[in-house]
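Values quoted throughout were computed directly from the atomic coordinates according to the rules given, and no laboratory measurement underlies them. Nothing here was measured: the structure is a model prediction, and the numbers come from that model. No Cβ is skipped: glycine too gets one built from the backbone with ideal geometry, and neighbour counts run over all protein chains shown.
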Amino acid sequence: MDIAEVLNHTSPDLFIPDLKATDKQTALAGIVEALIKGTQINNPETILQMLQSRENLGSTAVGPGIAFPHGHVQPVTPPPDLDPDLVTEWLVRFLRDEMLERRGT
């Protein structure tokens, strides 16, 4: 796969063209900072450690100033089991309220 094919599978908002870094560690820290901005992620150090571990296996660089850092993380713990009856009740109330609001009643 060449770089043109890779770019077909990504999005411009995943690039950080203004990233100012003079070494790999600073670059990875900047990537994590950009990644978590506007999210509820509260453990950036875990993500940074994962990226650093992946880079220790081999560089993800594909050219001067271009890299595709990536790695594997543990799955997110699913939310606790929800009572299906309560979920159904909430959904019915929500939909009823939406219908009434759209009808203007």
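Legend: calculated FRET efficiency, LYS20 to GLN40, from the Cβ-Cβ distance at R0 = 25 Å, rounded to 0.05, equals 0.45. Between SER59 and LEU86, the contour length at 0.36 nm per residue exceeds the alpha carbon distance by 4.8 nm.
For the chain, the longest principal axis of the Cα atoms and the long axis of helix 44-57 meet at an angle of about 40 degrees. Cβ-to-Cβ counts within 10 Å put ARG103, ARG54 in ascending order as ARG103, ARG54, the fewest first.
Remark: GLU89, GLU55 ranked as GLU89, GLU55, counting other beta-carbon atoms within 10 Å and listing the fewest first.
Between the amide H of ALA67 and those of VAL62, distances stay under 5 Å, these residues lying 5 or more places away or on another chain, with hydrogens modeled in the peptide plane.
Under the simplified labelling scheme, the LEU100-HIS9 pair shows an inter-label distance of 5.0 nm, with each label point 7 Å from Cα along Cα→Cβ. As a ratio to 2.2 N^0.38 Å, the alpha-carbon radius of gyration computed for the chain takes the value 1.66.
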